[in-house]
Structures are given as C-alpha cells and as structure tokens.
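The values are calculated or read from the model by the stated rules, or taken from the named source; none is laboratory data. Just so it is clear, the structure is predicted and the values come from calculations on it, not from any experiment. Don't worry about glycine lacking a Cβ; one is built from the backbone with ideal geometry, like all the others, and counts go over all protein chains shown. For accessibility, only protein heavy atoms count, side chains too; no ligands or nucleic acids. Shrake-Rupley method; radii C 1.70, N 1.55, O 1.52, S 1.80 Å.
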Amino acid sequence: MNNKKMEPRNAAPGASEFVAAGRLLWGEHWQRPMQEALQINQIARIRAWASGASRIPTGVWVELDGLLREKGRSIEKLLIDISPD
C-alpha cells in the first residue's frame, strides 16, 4: 500500500503553479513583468508567493487565469495562421 499522502484533486494551486504561470507568460525572468501586470507594489510579495511563504490571494489567480487564457488564444490563432493546409 502506498503511504504517500494524496492531495485532493481540487486543492488550491500553490507556489509551483504560480511559478509555472509566470514562466509561461513571461519567460525565465518573469517576476518583474508579473509584478507590473498585476500592479503589485513590492516585488517581495511576488517572491513570497513564489516561495510558498505567503498564500496567493484568489484575485491573483483570477488575473493569472485571464492572462493565461489570453496567451492561449494568441497561441491558437498563430497555430492556425502557420499551419499548412
């Protein structure tokens, strides 16, 4: 039997998803652009969320959801434009 604690499938996203979203949206140096996009006053807040030291507010997830969906739509459009017929 596997003794590893299983996390519920609907668990709130955490630091690793936050970092992944940042990298997908802005590349390897994502923290400053994210700070600007989310209009966060202090870069330390972004770093605290990325490290897991602070809980990421729901509103931040809502903003990131919108940004990721927009990026996805842009990627889909580009894929359609460049796909051979």
- Inter-label distance, nm, simple model (7 Å from Cα along the C-beta direction), Ser51/Leu79: 3.7
- Filter the trypsin sites (Lys or Arg not before Pro) in region 14-85 down to the DSSP loop ones having no more than 15 other Cβ atoms within 10 Å, then list what survives. Arg55
- Message: Can you give me the accessible area per residue for the chain, using a 1.4 Å probe, in Å²?
- Response: 81
- Cβ-derived FRET efficiency at R0 22 Å, Thr58 paired with Glu36, nearest 0.05: 0.60
- Message: Considering only protein heavy atoms and a probe of 1.4 Å, how much of the accessible area of region 16-85 is carbon and sulfur, as a whole percent?
- Response: 52
- region 34-42 - phi-based ³J(HN,Hα) in whole Hz, Karplus 6.51/-1.76/1.60, Gly and Pro as x: 5, 4, 5, 5, 8, 6, 9, 5, 10
